[in-house]
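I have placed the structure first, in the form of structure tokens, so that the comments after it can refer back to it.
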Amino acid sequence: MTNPPVRPAPLDPEMFDPVCPSALVPFRVGDKWATLILRCLEDGPRRFSELKVPLRGITAKSLTQSLRALERDGFVARTEREGAVRRVDYALTTLGRGLLGPLDTACAWTREHWDELIDAQEAGLARAAGRH
């Protein structure tokens, strides 16, 4: 008999600040939710319902689409377990785990240039508003 996989600690509902600068990061992997999903999977496999906890504001449809795209691109593996209750887990693949270092670098760069990014975004919005 095999032991069930060890589950990582629950995800922190406050893992992502609502004013998180993810929209300011000029680097994208997949859609706007992809990097946040990768971070949620950093410590081990998660169920769909677990991923929704820190990803406040994501719809079930968007989460499904993001997970499918990450799976298609080879960053996430989906595992279905049969039993009394069907269970689906999502986990990083080796390729997905390889993105964590570059994501750390992108986050550090964003923190370092936070004020400049905010100023540039506000200036761009002001210019756009002036054209209407």
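Which residues, counting only those in region 60-88, are touching a helix residue (DSSP H, G or I) at 6+ places or on another chain (Cβ under 9 Å), outside any helix (DSSP H, G or I) and either free of Cβ contacts under 8 Å to residues at least 40 places away in the same chain or of a type in the set (Asp, Glu) (or both)?
Applying the first criterion (touching a helix residue (DSSP H, G or I) at 6+ places or on another chain (Cβ under 9 Å)) to region 60-88 yields 60, 63-64, 66-67, 69-70, 73-78, 88.
Among the residues that remain, those that are also outside any helix (DSSP H, G or I) are: 73-78, 88.
Within region 60-88, 73, 74, 76, 77, 78 qualify.
Checking each residue in region 49-93 for being modelled with pLDDT under 95, in contact with a Phe, Trp or Tyr (Cβ under 9 Å, 6 or more places away or on another chain) and open to solvent by 60 Å² or more (accessible area, probe 1.4 Å) picks out only 56. There is no residue in region 23-34 that is within 25 Å of residue 7 (Cβ to Cβ), surrounded by 11 or more Cβ atoms within 10 Å (Cβ to Cβ), touching a strand residue (DSSP E or B) at 6+ places or on another chain (Cβ under 6 Å) and without any contact (Cβ under 8 Å) to a residue 40 or more places away in the chain. Applying the selection to region 102-132, what residues are within 21 Å of the chain's Cα centre (by Cα) and among the β-branched types (Val, Ile, Thr)? Once the filter is applied, which keeps residues that are within 21 Å of the chain's Cα centre (by Cα) and among the β-branched types (Val, Ile, Thr), region 102-132 yields 105, 110.
The values are calculated or read from the model by the stated rules, or taken from the named source; none is laboratory data. Worth saying up front: this structure is predicted, and the values here are computed from it rather than measured. Positions of Cβ are backbone-derived with ideal geometry, glycine not excepted, and every protein chain shown enters the neighbour counts. All accessible areas refer to the heavy atoms of the entire protein, side chains included, with ligands and DNA or RNA removed. Shrake-Rupley method; radii C 1.70, N 1.55, O 1.52, S 1.80 Å.
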